[in-house]
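*Asks:* What follows is a single structure, and I will ask about it in a moment.
The values are calculated or read from the model by the stated rules, or taken from the named source; none is laboratory data. Computed from a predicted model, the values in this text were never measured in an experiment. Note that we place each Cβ from the backbone using ideal geometry, even for glycine, and neighbour counts take in every protein chain shown.
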Amino acid sequence: MIILRTIPELRTFVHDWQGQGLRIGLVPTMGYLHAGHLSLIDHVRPRCDRLIVSIFVNPTQFAPGEDLDRYPRNIERDEQAVAAHGTDAIFYPDAPEMYPEGFRTFTIVEGLGDVLCGRTRPTHFRGVTTVVSKLFNLTRCQVAAFGQKDYQQSLIIRRMAADLNYDVDVLVCSTVREEDGLAMSSRNSYLSPEERERAVCLYRALTKGQKLFSLGERSAAKIRQEMKRTIQATPGVSIDYLEAVDAYNLQPLEKIDRPAVLAGAVYVGATRLIDNVIIEP
Ligand code: PAF
């Protein structure tokens, strides 16, 4: 496995692989990898000839005051983990490599990024789409995978890939969970043992909503109310949002009469966690 730190190095390998007619796969990550990331690699591996995992804590998707500086990092452990899953190359640039002096161009998907997480993090998705479009351009990947835990992100990236005519199959893979149901996330490492126990209330709330729906409840307000009760019963956890939204345009629903997503973001202490479940009438 090769570690590529610069864009010229990456391009040399990409051009060589393209010249041989090889299909390139990409798993974009911010590192501190867990089983969720490894499942993305396992999804892409059989669908390509050469697999690149990018590890880049992307500054443009963090607002001032967010956790950019303390975002967890462990490149040695990440290298071992991805090598064991058949990765050909890690692309591990630093920030000036991706955003040199004078950088001014952003990729923005209108509409989908200003709801749900976009309300609390208004500049987040333009950072995500900018870095992902750069990674698509640089790696010339034909297949790439993202996790369903970041449902809004994956929908926005699919929209971007379609709108900008990227010839990339964007795979969205199921959320990988801890035994008690907590969605795996690099940010779970911020939680104290007590917070870790409490954090599962988000998944419990979402599955409660899912259960109500399966029992015939179609009022989004009633489902939201029940989800809210579950979170409010957990000390030290506060709600950023809990919503029932249309699965394709992310607009809030009153009546759940079409494919929908129950999505939530909560603060467990100072740590913001997100999760979602898909429901289909
Ligand atoms: O989901 C993530 O880890 C990041 O948002 C991504 C897609 C790697 C872009 O920085």
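*Asks:* Inside segment 47-166, counting only strands (runs of 3 or more DSSP E) that do not spill past its ends, which hold 3 or more residues that are over 14 Å from the mean Cα position of the chain (by Cα)?
*Replies:* Values: elements: 50-55, 89-91, 143-147.
In segment 47-166, the matching strands (runs of 3 or more DSSP E) lie at 50-55, 89-91.
*Asks:* Where the second residue is aromatic (F, W, Y) and assigned to a strand (DSSP E or B) and the first is within 14 Å of the ligand (Cβ to nearest atom) and lies in segment 48-73, which pairs have Cβ atoms under 8 Å and are six or more apart or on separate chains?
*Replies:* Going by the 8 Å Cβ cut-off, the qualifying pairs are I52/F91; V53/F91; S54/F91; I55/F91; F56/F91.
*Asks:* Could I ask something else about it? Check segment 95-109 and report whether any residue there is buried (at least 16 other Cβ atoms within 10 Å of the Cβ) and away from the ligand (no atom under 16 Å from the Cβ).
*Replies:* no
*Asks:* Shifting gears a bit: Within segment 137-147, take every residue that is more than 11 Å from the ligand (Cβ to nearest atom) and touching a residue at least 24 places away in the same chain (Cβ under 8 Å) and give me the one that is nearest to Q251 (Cα to Cα). Talk me through it step by step, then tell me what you get.
*Replies:* To start, the set of residues in segment 137-147 that are more than 11 Å from the ligand (Cβ to nearest atom) comprises 137-143.
Next, from what is left, pick out any that are touching a residue at least 24 places away in the same chain (Cβ under 8 Å): 138-143.
Values: L138: 33, T139: 33, R140: 33, C141: 31, Q142: 30, V143: 28 Å.
Only one residue fits best here, namely V143.
*Asks:* So W17 clears everything in (1) surrounded by 18 or more Cβ atoms within 10 Å (Cβ to Cβ); (2) within 16 Å of the ligand (Cβ to nearest atom) except one condition, right? Which one?
*Replies:* Evaluating W17 over (1) surrounded by 18 or more Cβ atoms within 10 Å (Cβ to Cβ); (2) within 16 Å of the ligand (Cβ to nearest atom) leaves (2) as the failure.
*Asks:* For segment 29-47, name all the residues that are on the phi < 0 side of the Ramachandran plot, near the ligand (Cβ under 10 Å from one of its atoms) and hydroxyl-bearing (S, T, Y).
*Replies:* The answer is T29, and nothing else.
*Asks:* Just one of the numbered conditions (1) of a type outside the set (D, E, K, R); (2) without any contact (Cβ under 8 Å) to a residue 12 or more places away in the chain; (3) in a loop (DSSP other than H, G, I, E, B) is not true of Y32; which one?
*Replies:* If we test Y32 against (1) of a type outside the set (D, E, K, R); (2) without any contact (Cβ under 8 Å) to a residue 12 or more places away in the chain; (3) in a loop (DSSP other than H, G, I, E, B), just (2) comes out false.
*Asks:* Now for a different question. Run down V176, V172, V132 and say which single residue is away from the ligand (no atom under 11 Å from the Cβ), under 23 Å from R50 (Cα atoms) and among the β-branched types (V, I, T). Please lay out each step first, then the result.
*Replies:* Details: V176 fails: under 23 Å from R50 (Cα atoms); V132 fails: away from the ligand (no atom under 11 Å from the Cβ).
Result of the check over V176, V172, V132: V172.
*Asks:* What pairs come out if I take residues in segment 1-22 that are without any contact (Cβ under 8 Å) to a residue 40 or more places away in the chain and pair them with residues that are loosely packed, with under 12 Cβ neighbours inside 10 Å and among the acidic types (D, E) whose C-beta lies under 9 Å away, six or more apart or interchain?
*Replies:* L22/D16
Quick grid of which residues meet (1) touching a strand residue (DSSP E or B) at 6+ places or on another chain (Cβ under 8 Å); (2) in contact (Cβ under 8 Å) with a residue 24 or more places away in the chain; (3) closer than 29 Å to E9 by Cβ:
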residue: A89; (1), (2), (3): yes, yes, yes
residue: E97; (1), (2), (3): no, yes, yes
residue: R104; (1), (2), (3): no, no, yes
residue: V115; (1), (2), (3): yes, yes, no
residue: G127; (1), (2), (3): no, yes, yes
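*Asks:* Right, here's the next one. Quick one: in segment 148-166, which of the residues that are in contact (Cβ under 8 Å) with a residue 12 or more places away in the chain and more than 12 Å from the ligand (Cβ to nearest atom) is surrounded by the fewest Cβ atoms within 10 Å (Cβ to Cβ)? Even if it seems obvious, please write down each step before you answer.
*Replies:* First, the residues of segment 148-166 that are in contact (Cβ under 8 Å) with a residue 12 or more places away in the chain: 148-161, 163-164, 166.
If we keep only those that are more than 12 Å from the ligand (Cβ to nearest atom) too, we end up with 155, 158-159, 161, 163-164, 166.
Details: L155: 21, R158: 17, R159: 19, A161: 19, D163: 11, L164: 14, Y166: 18.
The selected residue is D163.
*Asks:* Here is a further query. If we keep just the residues of segment 179-195 that are within 14 Å of the ligand (Cβ to nearest atom) and in a loop (DSSP other than H, G, I, E, B), which is surrounded by the most Cβ atoms within 10 Å (Cβ to Cβ)?
*Replies:* S185
*Asks:* May I pose another question? Please indicate, with yes or no, whether at least one residue in segment 40-57 is under 23 Å from K149 (Cβ atoms), loosely packed, with under 13 Cβ neighbours inside 10 Å and modelled with pLDDT of 95 or more.
*Replies:* Taking segment 40-57 and keeping what is under 23 Å from K149 (Cβ atoms), we get 40-48, 51-57.
Still in the list and also loosely packed, with under 13 Cβ neighbours inside 10 Å: 46.
With the extra rule that they be modelled with pLDDT of 95 or more, the set shrinks to 46.
Looking through segment 40-57, at least one residue is under 23 Å from K149 (Cβ atoms), loosely packed, with under 13 Cβ neighbours inside 10 Å and modelled with pLDDT of 95 or more.
*Asks:* State the number of residues belonging to segment 205-237 that are β-branched (V, I, T) and surrounded by fewer than 18 Cβ atoms within 10 Å (Cβ to Cβ).
*Replies:* The first filter runs over segment 205-237 and keeps only residues β-branched (V, I, T), leaving 207, 223, 230-231, 234, 237.
Filter again for surrounded by fewer than 18 Cβ atoms within 10 Å (Cβ to Cβ), leaving 207.
Residues flagged as β-branched (V, I, T) and surrounded by fewer than 18 Cβ atoms within 10 Å (Cβ to Cβ) within segment 205-237 amount to 1.
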